[in-house]
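The values are calculated or read from the model by the stated rules, or taken from the named source; none is laboratory data. Everything numeric in this text was worked out from a predicted model, so none of it was measured. Counting neighbours? That spans all protein chains shown, and the Cβs are built from the backbone with ideal geometry, glycine included.
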Amino acid sequence: MIDRSTATAPNFWRSDEFILLVNYFFQEDYKKEIIQSEALKYIQSLNLYFSSLQVVHAKSIEDIQDIFTKFEQWSSEGTISYCPYEQKVFNDLQQSLSSVNSISKALKIFINSWLVLTLSEDHQSTEAEGALLEKQHFIRERDQHIIKAKKVSVLREKGGLCCEVCSFNFLDKYGMHGINYCEVHHLKPLSKNNHNNITLLDDLAILCSNCHRMIHRKNPWLSLLDLKEIISFKKEIKVA
């Protein structure tokens, strides 16, 4: 349950939100709408998580802009604040920006992982993949639980979903619009299995759309290493 009836309460901003906002404020582009929107979406995701545990205050882009305006005032010497408690928190965080950055990164990893997390966090599929289903034609059934589990595993280990061939990251390129987007490639083609099989996380790879298409363009498929070598060779030609 999200409640805005007490939007002016002293605890309008939780500590986790405040840390994220301070982290964004000390980025050069914090005044840009795309940066403010990204901050808002992370905070909305946190609110969605906490809403099942406690009453939370819904936030808007105007709230983000208002608090950034306060940050600007508080970061100026000699400013007298009408929110002394919040200003004290801001000043304390301002003196520990390295910690703020680390905590913000951890919060983002948690949010990204939670958004793709399923009820089952098994490190292998609990269902067999490759079962044939008859619709208009036969297709291979893929278990979406193992796909989501792979994303969560990589997010927790590396903090982001980067293509294992070219290192492309949809979040870095497209901001929150690209959050948690990637394609998951089966290293062992399901089509070559004549029986149901269990898929492990190590049987999967994170790929961008382009690299995934290039691997599947011709039979036999390219390996990840094959495609890396092609990209590396093209870079060497450009340098020469």
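Points worth noting:
- The range 149-185, residues that are assigned to a helix (DSSP H, G or I) and surrounded by 19 or more Cβ atoms within 10 Å (Cβ to Cβ): A149, K150, K151, V152, V154, L155, F170, L171
- Within the range 140-176, if we keep just the residues that are modelled with pLDDT under 80, more than 10 Å from the chain's Cα centre (by Cα) and not charged (D, E, K, R), the residue that is nearest to P220 (Cα to Cα) turns out to be Q144.
- Filtered residues of the range 93-128 (kept if modelled with pLDDT of 65 or more and of a type in the set (A, V, I, L, M)): L93, L97, V100, I103, A106, L107, I109, I111, L115, V116
- Flag if I80 is among the hydrophobic types (A, V, I, L, M, F, W, C), at pLDDT 85 or above and either under 24 Å from Q95 (Cβ atoms) or surrounded by fewer than 17 Cβ atoms within 10 Å (Cβ to Cβ) (or both): no
- Among the residues of this structure, L227 does not count as one that is among the aliphatic types (A, V, I, L, M), at pLDDT 85 or above and closer than 25 Å to Q44 by Cα.
- Number of the exception - I237 against (1) modelled with pLDDT of 90 or more; (2) part of a helix (DSSP H, G or I); (3) over 30 Å from K41 (Cα atoms): (1)
- Hits in the range 190-213 (condition: modelled with pLDDT of 90 or more and either in a strand (DSSP E or B) or outside the structural domain of E229 (by TED's automatic domain parsing) (or both)): L204, A205, I206, L207
- Residues in the range 44-76 that are within 23 Å of the chain's Cα centre (by Cα) and not in a helix (DSSP H, G or I): S51, S52, L53, V56, H57, A58, K59, S60.
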